[in-house]
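Everything below concerns the one structure shown next.
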Amino acid sequence: MRNNRLVKSTASLLLAVTVSFSSVMVASATETTSTNAAKTPQYAQSHYPSEAEIEAYLNDPQYKKYGRTREDVETYLKANAEEDAATTTTMEAGLYSSWSTDLFSDGYWMNRSGVWSLSIMPRRALLWDTDRGWGQVYDRFHTSRHWTYYSAWADASMRKQFNCHAQYGMLKTPYNLEPSRSDVSPITCN
């Protein structure tokens, strides 16, 4: 009788530990986190520039061709920071796959507050070769169900978002491109 109770007690304990461990694994696989407070390496933390980086951007002849003013930069950064603060990010288990090129260090799909977003981390080399960079992104991701679902406008919208973010260079990374957007804001680039 005593052995029977011990077996039942041990089985209950193992079940509780297994359920607890499974809950932790499920929670980590689909962890919800603010994009500014990433908890796993799968989430790229948004980078916002220092005052020196903003000045360097505004004075760089490469970027002068875009005609961005300090006010434009501040509006872009503020709007993106507000959007990031209000966004929760989830990632399905197995969705993350390693992708990198000479122009990108990372790229993957994630769900940001119910909207599928392609998060890409540019390398500095992208700034001198944005057309080839767009080609790399398009070739790798345009067949995804998250992209093709919005086939009526996704190609044009994603390209417009990409070009808009690229005009701000490395000021705010990663670039988050959302195929569901048929209209693109010139302020947030989404």
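The values are calculated or read from the model by the stated rules, or taken from the named source; none is laboratory data. Since this is a predicted model, take the numbers as computed values, not measurements. A quick note on method: Cβ atoms are made from the backbone with ideal geometry, for glycine too, and the neighbour counts reach across all protein chains shown. The area values use the complete protein model at the heavy-atom level, side chains included, leaving out ligands, DNA and RNA. Shrake-Rupley method; radii C 1.70, N 1.55, O 1.52, S 1.80 Å.
With respect to (1) open to solvent by 50 Å² or more (accessible area, probe 1.4 Å); (2) part of a loop (DSSP other than H, G, I, E, B); (3) at pLDDT below 50, the lone exception for A38 is condition (1).
Looking across the range 58-87, the residues that are farther than 19 Å from V115 by Cβ, assigned to a helix (DSSP H, G or I) and either at pLDDT below 85 or out of contact with any Lys or Arg (no Cβ under 8 Å at 6 or more places or on another chain) (or both) come down to N59, P61, Q62, Y63, K64, R70, E71, D72, V73, E74, T75, K78. Among residues of the range 103-140 being assigned to a helix (DSSP H, G or I) and among the basic types (K, R), the one that is most open to solvent (accessible area, probe 1.4 Å) is R124. Number of residues in the range 141-172 that are open to solvent by less than 10 Å² (accessible area, probe 1.4 Å), touching a Pro at 6+ places or on another chain (Cβ under 8 Å) and hydroxyl-bearing (S, T, Y) equals 1.
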